[in-house]
1. Sorting S134, S192 on the 10 Å Cβ count, fewest up front, what's the list?
2. Provide Rg and Dmax in Å for region 163-244, with only Cα atoms included in the calculation.
3. Counting other beta carbons within 10 Å of each residue's own, what order do H196, H97, H165 fall into, fewest first?
Amino acid sequence: MEWNFVGESPTKPVADSSSSSTSSVHERGEPVSQAIVDTLIEPTADPNHRDETSGRAPSSYAADSSSSSANIARKRGEQLSRAIVDTLIELGADPNHTDETSGRTPLSYAAEKGREEVVAALLEAGADINARDSRRRSALHYASINGHVDVVRTLLQDERIHMQHRDGDRCTPLIYAAAHRHIQIVELIVQSLGDHDDIRLEVRYLAFLDWRNSALNGLTREELESIILAGFNVYALNDHNSDK
């Protein structure tokens, strides 16, 4: 179940007023407006209350809200989602709240869904940018896998970011970006790494990967190396030209 912030009136009825204020935080319709969320979150509601089924808190649902309609204005959806996350945080929601089952945070979900404004809001609220889930993946891993350039750029601008964390499959965000042929993200990460030795280390480490890993998208070591080095060459060329 997800919140989908795409309009001004809900298509499903609001939770019965007899239900507890804590559980009502989780009631949501498609679409949901800021006014509806403000109504649902009563002063006595706990914004960190976990859904009994999923183990997730409202802030994580707000962070990964997405629309089922391809024609919805994406920017509008992001603005509504950010407003809802801001409201939850003002009510005391923990931006580092983790799911009991997956270990994921609101930032992780927002990064996976490409919700850049929500990512920015969570970082401003003190979200741990390097938090990793049960699969050892960070927000940067998820944004890189899914090709969300704006989210990656926002994450890389944070001085706290660790770009070379390896997940449970021993893959870094750069490796995933290359595996999914997200060339612009490859270039952004390479540029942020800056240190040529760090980039060479990424390439050398390809030898230790399990090439049966479906997350590598069926690419060979040679193909991955070629994509990473292409990103490095673009960065090196731009760096050289800027020195002239």
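Since every read-out is calculated from the coordinates, none of them should be taken as a lab result. Just so you know, these numbers come straight off a predicted model, no measurement behind them. Please note: Cβ atoms are built from the backbone with ideal geometry, for glycine as well, and neighbour counts cover all protein chains shown.
1. Values: S134 12, S192 17.
Listed from fewest to most nearby Cβ atoms, that is S134, S192.
2. Cα radius of gyration and Dmax of region 163-244 are 12.5, 45 Å respectively.
3. Details: H196 12, H97 20, H165 16.
In increasing order of surrounding Cβ atoms, one gets H196, H165, H97.
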